[in-house]
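J.: Let me give you the structure first, and then I'll get to my questions.
The values are calculated or read from the model by the stated rules, or taken from the named source; none is laboratory data. Because the structure is a prediction, the values reported are computed rather than measured. Neighbour counts run over all protein chains shown; Cβ positions are idealised from the backbone, glycine included.
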Amino acid sequence: MLGLKLPTDPRWADLAGKSIQDILTDHAYCEQKATSTAISLIQNYPDFEQIVVALSPIVKEEWGHFELVVEHLKKRGLKLGLQRKDKYVSELLKFIQHGGSRKESLSEKLLFSALIEARSCERFKLLSKNIEDPELKQFYKNLMVSEAGHYRLFLDMACEIGEKEKVLARWEEWLEFEARILEKMDVRGDRIH
């Protein structure tokens, strides 16, 4: 369903389950960045009404996810740690094509967001199946469903705004690039990506 070219190394979920504070901290910041990204798209593309309408509820939902992650930290007597650089996202940012029309630029940013949501969905599924904490299992199952919806929304909007055939061809390039990123990255259980 997600079209990802390289599945997450199964060792990731085992490592993540042993680093609950780290994984929840990183997850909280991922939700914060997702909120900021949606706000940025609205601010930079207000002339695309469908973006404003579709992403306004996403802003609220992503911030709500941040708050839920912080609650899970508190329940466990854990604290939100410091934000760390996200090498995965930094590498993906290098692949964004600049220039072209506003439609092409927006479409490119939507594909970037769709890919992050797809990978998050896949990782949340792994957590929902492998983490020992029953409450976190259900939490990640619910978030997996949410991330899948966000992934489809971003991909569908990119296809609606741009020329669908070109957008889907570019999406395949994004998927291939993302797989190459993952091949080079160490398996770490203290990060969502």
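J.: Here is a check on your reading of the model: is residue 52 touching a Pro at 6+ places or on another chain (Cβ under 9 Å) and more than 15 Å from residue 185 (Cβ to Cβ)?
T.: On the way: touching a Pro at 6+ places or on another chain (Cβ under 9 Å): yes; more than 15 Å from residue 185 (Cβ to Cβ): yes.
The answer is yes for residue 52.
J.: If you check 183, 172, 176, 165, which single one turns out to be part of a helix (DSSP H, G or I) and modelled with pLDDT under 95? Step through it out loud before you land on a result.
T.: Working: 172 fails: modelled with pLDDT under 95; 176 fails: modelled with pLDDT under 95; 165 fails: modelled with pLDDT under 95.
Within the list 183, 172, 176, 165, the selection yields 183.
J.: If we only count helices (runs of 4 or more DSSP H) wholly inside segment 1-101, which ones have 2 or more residues that are among the acidic types (Asp, Glu), touching a helix residue (DSSP H, G or I) at 6+ places or on another chain (Cβ under 9 Å) and surrounded by 15 or more Cβ atoms within 10 Å (Cβ to Cβ)?
T.: Details: elements: 11-17, 20-44, 49-75, 87-93.
Output list reads 20-44, 49-75.
J.: Continuing with the same structure: Specify which of the listed residues (153, 106) is modelled with pLDDT of 95 or more and either among the basic types (Lys, Arg) or surrounded by fewer than 19 Cβ atoms within 10 Å (Cβ to Cβ) (or both).
T.: 153
J.: Test each condition in (1) closer than 19 Å to residue 193 by Cβ; (2) touching a residue at least 12 places away in the same chain (Cβ under 8 Å); (3) of a type in the set (Ser, Thr, Tyr) for residue 90 and report the one that comes out false.
T.: (2)
J.: Take residue 147 and tell me if it is farther than 23 Å from residue 12 by Cα and either outside any loop (DSSP other than H, G, I, E, B) or in contact with a helix residue (DSSP H, G or I) (Cβ under 6 Å, 6 or more places away or on another chain) (or both).
T.: Numbers: farther than 23 Å from residue 12 by Cα: no; either outside any loop (DSSP other than H, G, I, E, B) or in contact with a helix residue (DSSP H, G or I) (Cβ under 6 Å, 6 or more places away or on another chain) (or both): yes.
No; evaluated as a whole, the condition is false for this residue.
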